[in-house]
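Presented below is the structure to which this report refers.
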Amino acid sequence: MGSVTLRYFCYGCLFTSVTWSILLFLYFNLSQESHLSLRNVPIQGHHRFQPRFTRGPGIQKKDGSPLRKDHLEAAKPDLSPELGMIFNKQDQEVRDMGYHKHAFNVLISNRLGYHRYVPDTRNDKCRDRIYPKLLPTASIVICFFNEAFSALLRTVHSVLDRTPHHLLHEIILVDDHSELGKFLGCSAWFDDLKEDLDTYIRQHLQKVKLVRNEKREGLIRGRMIGASHATGEVLVFLDSHCEVNEAWLLPLLTPIKENRKTVVCPVIDIISADTLVYSPSPIVRGGFNWGLHFKWDPVPVSPTMAGGLFAMDRNYFYELGQYDRGMDIWGGENLEISFRIWMCGGQLLIVPCSRVGHIFRKRRPYGSPGGQDTMAHNSLRLAHVWMDDYKHLINLMAFVTVCVHQEQYFALRPELRNRDYGDISERIAIRNRLQCHSFKWYLDNIYPEMQVSSPHKPQQPVFINKALKRPKVLQRGRLRNLQADLCLVAQGRPSQKGGAVVLRDCDTQDPEQEWAYDEEHELILAGLLCLDMSEIRSSDPPRLMKCHGSGGSQQWTLGKKNWLYQVSVGQCLAVSEPPSIKGYVSMVICDDSRSQQWQLEA
Ligand code: UD2
Ligand code: MN
């Protein structure tokens, strides 16, 4: 099997290489440049930190004129690091419950309000593009389950604020049977939801329809329900925690107008789950690995799509068989529709001039109603419908173990290969009706670089952040607490992951007391581990963890009022009270007391 399949990857047909040459040319002349030149652009300084925030419109652009790059360059840093500062118990409750329920910083999200400006992350050349006058109208479909109100409304308002009126046919919100009742026990939560969504829409939003599912359907059937209510010419699907960027829609509609069998995805920019900072993402294209996990590849035109964010001619969506109704809750639908598009006569493009930000969370904050592993179920369905003999190459064990966390025993149960995935006859009938190509054709023509690896060694998904080089160190020295006159050190070995930090007598000779503070605002002890906060409980003391390089829980600001301020928990490090428990530190609400003053001394 191996040698036969390997051969497929050695034959590149002429069509593919010509296409790739063109795409690579475009990539290097447009996309990558865009990425490099905009990488360091600060996000515009519209966030004035105010001690108390009210809900509502958030920060507004002052004169309403479009922001230019020089404005961006001139503007001072983006979100004040103190936007997430905790002032009282209620703030803490919002933040901690927010992480628990949504896996991102809801305190910051609420304070940002429903409108904000995001940096224009497009390449300069995108701004000079001229798009056809006559373009199809769009219905935006946003399906949500237990979404934070502020994130959902910022998604909706970003669309209303940045989409030409005549092209926006409607926005359809599908509430996938959210369990709002569960939040009522928490006063802070209740406050955020007091403004009922129906009322808000009726009073403030035109063109927005709300559909409520009678029972939890999952995002796949949820999107189909949304689409069934849509009447615009093009369907655009978004997640419920996105912010669209400048002129995002025109470049998506244009290729669809030219060829209605073109399905397009925007570039998905990154909104940090911990700080809500919006930053450009490198241009990549979607791939997958043999564990059937979506992964990013570094080229802009795409064998697969990431998932939720794409635009497609509405009639074509139906002709092509919508989604697989038998897929539950989450996962796999992106690969299924990607294979179907390419194999059945369409094409899938990532459009570098269209940018949409998405809050990338470290974990999914919800499960499926019965606790089933829907990713495995959905993946099995798509493999059996679309992947022909290649499905035997899928490392079933790999994705099952990944999805079911530690439950290694699945990997030891070969009968999983025979796990029930439901009736797929309707999907096979679609494949026959559309006379789709074989999976071999797809691999040969659309994804020739896909490596066939041993089923027991699935390729690792590629994560964008991991590729970054180590940031520059700005300052080195001991961290002395001014009240206690003691230095912050590891309680045990500084190399012990998860270890606590405590205060001990300062010793200028001891390399294990040396902290490095770098440009990413990380604090690294003895060159080994980073000072890190648990995301769930802002009251927990910090600990030492492997540096992950993505800010948030490892992002500290130093200096102002001599605070050691933790950006994602919005509190300051202090000597624990009462002082009798000598040497212990904890996170507390920032104030002027000497117990929270620190100096990094060389
Ligand atoms: C990614 C996709 C997502 C989807 C998923 C695979 C992006 C940016 N995101 O995961 O769109 O393709 O991969 O299935 O490409 N939701 C419901 N009901 C549910 C579960 C989720 O309505 O039972 C909503 C949820 O509120 C959100 C959307 O579906 O708006 C996508 O879910 P997600 O954000 O948890 O998925 P994500 O971003 O991890
Ligand atoms: Mn999402």
Just round it to a whole percent: the fraction of Cα-Cα distances in region 473-601 exceeding 23 Å. 20
Point-to-point label distance, Lys257-Leu528, nm (Cα→Cβ direction, 7 Å offset): 6.1
So how far apart, in nm, are the two label points at Glu512 and Leu134 if each is 7 Å from Cα heading toward Cβ? 7.7
Can you give the FRET efficiency to the nearest 0.05 for Ser228 and Arg419, using r as the Cβ-Cβ distance and R₀ = 35 Å? 0.70
Gain upon complete extension [Asn562, Asp124; 0.36 nm per residue less C-alpha separation]: 153.6 nm
Under the √(5λ) rule applied to the eigenvalues of the Cα gyration tensor, what semi-axes describe the equivalent ellipsoid of region 115-160? Give them in Å, descending. 27, 17, 8
Treating the Cα atoms of region 529-593 as identical point scatterers in vacuum, please give the log10 of the normalised Debye intensity I(q)/I(0) at q = 0.17 Å⁻¹, two decimals. -0.58
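What does the extension gain come out to for Asp389 and Glu601, with contour length at 0.36 nm per residue minus their alpha carbon separation?
70.0 nm
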Between region 323-396 and region 208-286, what is the separation of their alpha carbon centroids in Å? 15
Which of the residue pairs Lys207/Lys362; Lys89/Lys582; Lys215/Lys391; Lys125/Lys546 have a Cα-Cα distance greater than 28 Å in the structure shown? Lys207/Lys362; Lys215/Lys391; Lys125/Lys546
Can you tell me how much longer the chain between Gln372 and Asp161 gets when fully stretched, taken as 0.36 nm per residue apart minus their C-alpha distance, in nm with one decimal? 72.1 nm
Label point distance in nm, Asp505-Glu179, each placed 7 Å from Cα along Cα→Cβ: 5.5
Which residues in region 532-563 place their backbone N less than 16 Å from a point set 7 Å from the Cα of Arg493 along the Cα-to-Cβ direction? 544-546
Short version: ³J(HN,Hα) in whole Hz for each residue of region 583-600, in order, from phi by Karplus 6.51 cos²θ - 1.76 cosθ + 1.60 (θ = phi - 60°), x for Gly and Pro, what are they? x, 8, 10, 8, 8, 9, 4, 5, 8, 8, 5, 5, 5, 10, 10, 10, 9, 8
Which net charge results for the neighbourhood of Ile225, defined as the other residues with beta-carbon distances under 13 angstrom from its beta-carbon, given Lys and Arg at +1 and Asp and Glu at -1? +3
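Each value in this text was obtained by applying a stated rule to the coordinates, not by laboratory testing. In this text the structure is predicted, and so the values were computed from the model without any measurement. Virtual Cβ from ideal backbone geometry, glycine too; neighbours counted across all protein chains shown.
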